[in-house]
Structures are given as structure tokens and as C-alpha cells.
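As C-alpha cells, the structure follows; a few thoughts come after it.
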Amino acid sequence: MAATPFFQVEGPDDPELVPGLERFVMLDASELGRVRARFRTAPTARPMAVVLVISVILAGLALLIPGAPENANVAVAVLVCMPALFYFVTVLVGLATRHWVRDRGLATGWHRRTRLMVPWETIDPGRVHVVENATAVVFHPDFQDRSPTYLNNLSDRALLVCGFNSATFDPLFRYWLLGTPDPEGLAQQIEKAMVDAGLEAHGLAANASRTAVRARYRNGGTPLLGDHREPYDPVLGVPSPG
């Protein structure tokens, strides 16, 4: 059986450009086929510890307000309620947000009828990476001008997947930052689904782990990734071993 081709265009006059865009823009989640696996986003310990530290600092500042201890109640409210409320809301959002690996693409959002979809033929297997300290991704210079579609919900770990930008349609291809406690498992399921769909994606998950990156808040202006896919760039694919 012939391999399914990836979606890639050589320029604005490529005859595949307009039909491909029309197909992806009009795509409905139900057209992606059955759900093969699902992953939840959820906040992890370190980002929530940061939230707690910030809340304690705010509580300390509240104690310095002129008129204390009359304003001590304000400090107590900030200390006790703010982190608890923030954590509760974030957990709810994290539990509600899911990534669905389906037969013909990835869907992500709060419900199965989401418009946030990435068809498998638009994903470059060579541009999928496990990310540690994922909340710091947007502090790197290469992501400040081209912020990823940010579905992280304070998860320390995530999977960066470069594919069709169904969020804004411009640029054509964009990195999706998919927060999940198990980015390796998500990569494995994406690889299996792409291979079953006839795409050459063998080794995607292993390559995603091999090329894992750690984002840093203080990065000295260092780009997180060495390559971002422009509209007419070809698919890199998974490098051959060795």
C-alpha cells in the first residue's frame, strides 16, 4: 500500500495549497475518526509551589500595609484563600482540558467537538519534542514572536508538536504545547496513529525523547529550538539512527 503523503507546499502557487487549507479549515472533529487514547492536562507540583510562594509574598506585603494589625485579616485572606482558589480553578481547567488521539488527527480542548485539531498529515515527525519545565517556554526568544498554542495548565511537562495551526490559521504551521504528565506516552500514541494512517512516522516517540528540551525562565536569550517550520518548509521526518 502506498504511503500517505504529508501536507507540504512549495510556494503560494502550489496547487495543493488552497484545497488543503479549505479541507483543514472546514474539518469537523467527528471526521477525525474514533478516539484511540486520551490524555488530561493537569498542574504539577513545582508550578503550584511557585503559586504558593507568590501568595506568601503577597501576604507578607499585606502585613506591611499601614494600619496593621487591623489589616491582618487581609493578609490571612490572601495567604489562605488565594492559593487555594487558584489551585482549585487550575485543577478544574486541567481536568476539563484533554488531548484526544484519534484515527486521523489530534483534537484538544474542553470537549470532543473542539475546533482545535491537528490532522496527522500536517505534523512533522521530526518536529516533536518532549519539554521539561514547560511553563517557561514562552520566555525563550524564538517563542516570544511565535507563541505556541498554549494548552499547558501549569503542567511542568509537555509535548511540543508542530502541525497545522487551527487556532488562528496564521502562521500555517505552529507548535502546540500540549501539557501532560506523560508526554512520552502521548508521543507514542501519536506515532502509532500516524503509522496506522499510512504516514512515515516510525521513531517519532523515540526521537521526541532523544531531542527533549528544558525551558528556562532565565535563558540568556538562547532559543529553545533550532528550527521553526515556515509555511513552505518541507517535512524533516525522523532522522535515521546514527
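Some points to look at:
- The amide H of L106, built 1.01 Å from its N in the peptide plane, has V118, W120 as neighbours under 5 Å, considering only residues 5 or more places off or on other chains.
- Packing-based ranking, highest mean first, of 208-214, 11-17, 130-136 given that Cβ atoms within 10 Å are counted: 130-136, 208-214, 11-17
- In Hz, Karplus ³J(HN,Hα) per residue of region 116-122 (6.51, -1.76, 1.60; θ = phi - 60°; x = Gly, Pro): 8, 9, 10, x, 4, 5, 9
- Rg/Rg_globular for region 88-242, with Rg_globular taken as 2.2 N^0.38 Å and Rg from C-alpha atoms: 0.98
- Amide H to amide H distances under 5 Å link F7 with T122, where only residues 5 or more positions off or on other chains count and H is placed in the peptide plane.
None of the figures in this text is laboratory data; all of them are computed from the coordinates on show. Given the structure is predicted, the values throughout are model-derived calculations rather than measurements. Methodologically, a virtual Cβ is constructed for each residue, glycine included, from the backbone with ideal geometry; neighbour enumeration extends over all protein chains shown.
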